[in-house]
Amino acid sequence: MADFDAIVVGAGCAGSVAAYELAKAGKSVLVVERGNYAGAKNMTGGRIYSHALKEVFPDFEQQAPLERRITHERISLMAPDANFTVDFMSDAMNVPGQDSYSVLRGPFDQWLAEQAEDAGAEFICGIPVEELVMEGSRVRGVRAGEDEITADVVLLCDGVNSLLAEQAVGAARPPASQIAVGIKQTIELPASVITDRVLAGSDDEGAAWLFAGDATKGSFGGGFMYTNRDSISLGIVAGIEATMTHGKAPVYQMLEDLKHHPAVAPLIRGGKVVEHSGHMVPEGGVNIMPALTGDGVLLAGESAMMCVNLGYQVRGMDFAVAAGMHAGREAARALDAGDTSKAGLAGYVAALEDSFVMKDLRQFQKVPAFMEGLDRMFCGYPEMIRDMMNKMFVVDGSPVEPMRKQMMPIVKGMGMMNLFKDVRGAMKAL
Ligand SMILES: Cc1cc2nc3c(=O)[nH]c(=O)nc-3n(C[C@H](O)[C@H](O)[C@H](O)COP(=O)(O)OP(=O)(O)OC[C@H]3O[C@@H](n4cnc5c(N)ncnc54)[C@H](O)[C@@H]3O)c2cc1C
């Protein structure tokens, strides 16, 4: 007989939610986390879209350590000497289930783990799972140091760069073109200062801000800023291959320069850096997704590459929460049926296919290839917009030409065909 009904590897969003569902269904479940506590090693931008969380924890707004509700969406095209920003607010973003919140993974992941623990899950932290215990091609448990612990089903929720996924289902290592590196600083400031600087309505509200162009020195990727209650998360996500082959600066330099850009410096002025972090980001989505199940094993969250970066939206946590929920529920059903083989776990794949997880990942499957070929978004369009805005807003006393005559040379400089191609490409990919 196995030591546990289920073992979950990793106490991130996917893992703790899966453990919560399994424990709630009355199963004995052990979570093994390599960090000293849940969230110790985890990183996000970040903001979580609430819809998936609400399905698991309908009252999460009252309980979870949320930072601020995001009420301002900002997107900037950034040139070295200029910045063009779209600022969007809408009542629709405040409706429960349609809203989103900035979070810090330390407190947030500990809260998720507490929900699982309260439901009956056991946690061991500070121990990495080094390999899986196999019987032929069937996963029987995990090996951590000298210990071997067995279970009827193992849930791999160990995030991007999962070596265990390779062992369990033969997941291929993703190519450098499909992986980005993210770095972030958390910069402390008084809550009211942040509120005033981003023009939020109160200390409970805040902004999500993405920057394309000079943030990554014109190469594939972008900058991000999220307001927490009394800190700002500021960072860079940069494609690994693009940075290696034609990046104009190392990623840490991109972040240092972003902090000094005139559009960003006033936001963080006087702030104190209290945390640095770095993490990989899978950008290939469904194109690099491994098999989601094997005999005695299933994968949820970023161990299965469930993440999308659309340039105006980064999503991984809502996928991880939803996948963790389905993984926990379907693993419990398979345990009840006494069949945790790949065939017995097929309900998990069906549930994901039926949910927004696979539907959205498939919807955006052309985005990575489109983004990779969209050099002009990072170097070209920001400068074009700057030049157009300069024509509109700079008055120097010289006679003004008709708007069409001012704008056409700038647009033609970029190439009408290029513009047409990129807009058409975006329509097809998004
Ligand atoms: C810079 C950056 C910005 C992002 N911004 C956003 C955003 O704004 N919104 C959004 O929704 N998503 C964002 N994401 C993506 C999001 O953070 C991830 O998709 C999400 O955290 C994935 O959750 P997960 O549970 O699958 O994995 P993780 O949160 O990575 O959890 C995996 C867990 O497994 C543990 N683990 C790993 N290996 C082992 C092992 N061998 N043994 C034991 N434990 C192990 C880890 O310590 C960790 O606790 C961002 C990511 C980055 C890096």
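The values are calculated or read from the model by the stated rules, or taken from the named source; none is laboratory data. Computed from a predicted model, the values in this text were never measured in an experiment. Note that each Cβ is placed from the backbone with ideal geometry, even for glycine, and that neighbours are counted across all protein chains shown. The protein model used for the area step is the full one, side chains on, heavy atoms only, and it has no ligands, DNA or RNA in it. Shrake-Rupley method; radii C 1.70, N 1.55, O 1.52, S 1.80 Å.
Quick check on region 302-312. Is at least one of its residues in the same structural domain as Val17 (by TED's automatic domain parsing), near the ligand (Cβ under 7 Å from one of its atoms) and surrounded by fewer than 24 Cβ atoms within 10 Å (Cβ to Cβ)? Yes, there is a match, as at least one residue in region 302-312 is in the same structural domain as Val17 (by TED's automatic domain parsing), near the ligand (Cβ under 7 Å from one of its atoms) and surrounded by fewer than 24 Cβ atoms within 10 Å (Cβ to Cβ). Note on region 379-413: residues that are charged (D, E, K, R) and either in contact with a Leu (Cβ under 6 Å, 6 or more places away or on another chain) or loosely packed, with under 11 Cβ neighbours inside 10 Å (or both) amount to 5. Val103: within 14 Å of the ligand (Cβ to nearest atom) and crowded, with 19+ Cβ neighbours inside 10 Å, yes or no? Criteria met by Val103. Close Cβ contacts (under 9 Å, 6 or more residues apart or on different chains) running from residues in region 166-188 that are without any contact (Cβ under 8 Å) to a residue 12 or more places away in the chain to residues that are of a type in the set (A, V, I, L, M) and open to solvent by 40 Å² or more (accessible area, probe 1.4 Å) comprise Glu166/Ala172.
Yes or no: region 125-148 includes at least one residue that is within 30 Å of Gly213 (Cβ to Cβ), in contact (Cβ under 8 Å) with a residue 24 or more places away in the chain and either open to solvent by 40 Å² or more (accessible area, probe 1.4 Å) or not in a strand (DSSP E or B) (or both). There is no residue in region 125-148 that is within 30 Å of Gly213 (Cβ to Cβ), in contact (Cβ under 8 Å) with a residue 24 or more places away in the chain and either open to solvent by 40 Å² or more (accessible area, probe 1.4 Å) or not in a strand (DSSP E or B) (or both).
Just one of the listed residues (His261, His276) is over 24 Å from the mean Cα position of the chain (by Cα) and either within 16 Å of the ligand (Cβ to nearest atom) or modelled with pLDDT of 95 or more (or both), and it is His261.
Residue under question is Arg329, and the condition is that it be more than 16 Å from the ligand (Cβ to nearest atom) and not assigned by TED's automatic domain parsing to the domain that holds Leu299; does it hold? No: the conditions fail for Arg329.
Identification of helices (runs of 4 or more DSSP H) wholly contained in region 303-375 with 2 or more residues that are modelled with pLDDT of 95 or more yields 317-337, 346-354, 356-363. Counting residues in region 325-340 that are surrounded by fewer than 14 Cβ atoms within 10 Å (Cβ to Cβ), within 22 Å of Leu292 (Cβ to Cβ) and of a type in the set (A, V, I, L, M, F, W, C) gives one or more.
Against the numbered list (1) over 24 Å from Gly223 (Cβ atoms); (2) among the hydrophobic types (A, V, I, L, M, F, W, C); (3) surrounded by fewer than 16 Cβ atoms within 10 Å (Cβ to Cβ), Phe88 comes up short only at (1). Taking Val17, is it modelled with pLDDT of 95 or more, touching a strand residue (DSSP E or B) at 6+ places or on another chain (Cβ under 7 Å), within 19 Å of Ala165 (Cβ to Cβ) and buried (at least 18 other Cβ atoms within 10 Å of the Cβ)? The answer is no for Val17.
Here is the figure for region 341-360: residues that are open to solvent by 30 Å² or more (accessible area, probe 1.4 Å) and within 16 Å of the ligand (Cβ to nearest atom) total 2.
One residue is enough: does region 165-181 have a residue meeting the conditions farther than 27 Å from Met254 by Cβ, within 15 Å of the ligand (Cβ to nearest atom) and outside any helix (DSSP H, G or I)? Yes, region 165-181 has at least one match.
If the condition is being open to solvent by 30 Å² or more (accessible area, probe 1.4 Å), within 15 Å of the ligand (Cβ to nearest atom) and either assigned to a strand (DSSP E or B) or aliphatic (A, V, I, L, M) (or both), then region 44-79 contributes Tyr49, Leu66, Arg69, Glu73, Ile75.
The criterion of at least 2 residues that are open to solvent by less than 30 Å² (accessible area, probe 1.4 Å), under 22 Å from Asn42 (Cβ atoms) and touching a strand residue (DSSP E or B) at 6+ places or on another chain (Cβ under 7 Å) is met by the following helices (runs of 4 or more DSSP H) wholly inside region 204-277: 251-260.
Scanning region 91-100 for residues that are within 19 Å of the chain's Cα centre (by Cα) and open to solvent by 50 Å² or more (accessible area, probe 1.4 Å) yields a single hit, Gln98.
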